[in-house]
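See below for the structure under consideration.
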Amino acid sequence: MAGNISMRVPEEVLSELDELASLLGRSRSSLINEAISTYVTEYNDYLVALHRLLDKGDEIISSSELRKSLGF
């Protein structure tokens, strides 16, 4: 199910967005949707990495141990 979001965007950002949309032959909405989706995915990955970094019980291994465990 799709939803609607209404927000204010600075004029210069809107201008850049329109320029990029025109260059790529895409709509504003598709670019905004992709940007939000990418941000959410990347931020979730960051939170997982941060949680693992702060988890004192999580075993830390060297890159060579990691490669060996993966068969490289």
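Read-outs throughout are calculated quantities, based only on the coordinates presented, and are distinct from any laboratory measurement. Since the structure is predicted, the reported quantities are computational estimates derived from the model, not experimental observations. All Cβ positions, even for glycine, are placed from backbone atoms using ideal geometry, and neighbour counts span all protein chains on display.
See the values below:
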quantity	calculated
Globularity ratio of the chain, using Cα Rg and 2.2 N^0.38 Å	1.78
Simple Cβ-charge dipole of segment 11-55, Lys/Arg +1 and Asp/Glu -1, about Cα centre, in debye nearest 20	220 debye
Residue-wise HN-Hα coupling along segment 22-31, computed from phi with Karplus coefficients 6.51, -1.76, 1.60 (Hz; x: Gly, Pro)	5, 4, 8, x, 10, 8, 3, 4, 5, 5
Cα lying deepest toward the dipole's positive end in the chain, options ALA35, GLY57, PRO10, charges on Cβ	GLY57
Packing-based order for 3-9, 13-19, using average beta carbon neighbours within 10 Å, highest first	13-19, 3-9
The chain - mean residue ellipticity at 222 nm from DSSP helices (-39,500 (n - 2.57) per run, n ≥ 4, rounded to 500)	-22000 deg cm²/dmol
